[in-house]
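S.K.: Below is the structure I would like to discuss, written out as structure tokens.
The values are calculated or read from the model by the stated rules, or taken from the named source; none is laboratory data. Because the structure is a prediction, the values reported are computed rather than measured. Remember, those area values only see protein heavy atoms, side chains included, never the ligands or the DNA or RNA. Shrake-Rupley method; radii C 1.70, N 1.55, O 1.52, S 1.80 Å.
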Amino acid sequence: MKNNSKVIDMQTVNAEKVVNPSIPRDNGGTGDGGNMNTDKYVTHKEFNDAMHKIDKNFDNINLQFEKQKVWLLKELAATAMFIVTILGFLISILALLK
């Protein structure tokens with residue numbers, strides 16, 4: 001009769017050949033830390049670097065918006081002064097014509 005037992009006699013077999021933690025193993029999707037598909041995951045450093053780049057881009061966008069807002073306010077102020085000057089000139093001409 002053939003012995004099909006999966007019990008290993010540890011005295012006759014080197015334990016590292018049976019279980020080697022440096023070799024990833026397939027966990028069959030059980031979540032016990034086996035061979036993971038690493039292209040779906042990032043390290044903390046990669047995540048923080050990506051977040052830093054996103055924050056930097058948002059800062060640039062906010063800075064550009066602030067510059068545009070200042071430019072718009074200057075243009076509105078200049079236009080208002082121009083209109084007031086023209087109206088004052090027209091009022092002074094109408095006053096001379098009377």
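S.K.: Have a look at 32, 39 and point out the one that is at pLDDT below 90, open to solvent by 100 Å² or more (accessible area, probe 1.4 Å) and under 33 Å from the mean Cα position of the chain (by Cα).
M.R.: 39
S.K.: Might you check whether a residue that is at pLDDT 80 or above and open to solvent by 90 Å² or more (accessible area, probe 1.4 Å) occurs anywhere in the range 10-24?
M.R.: No, because not a single residue in the range 10-24 is at pLDDT 80 or above and open to solvent by 90 Å² or more (accessible area, probe 1.4 Å).
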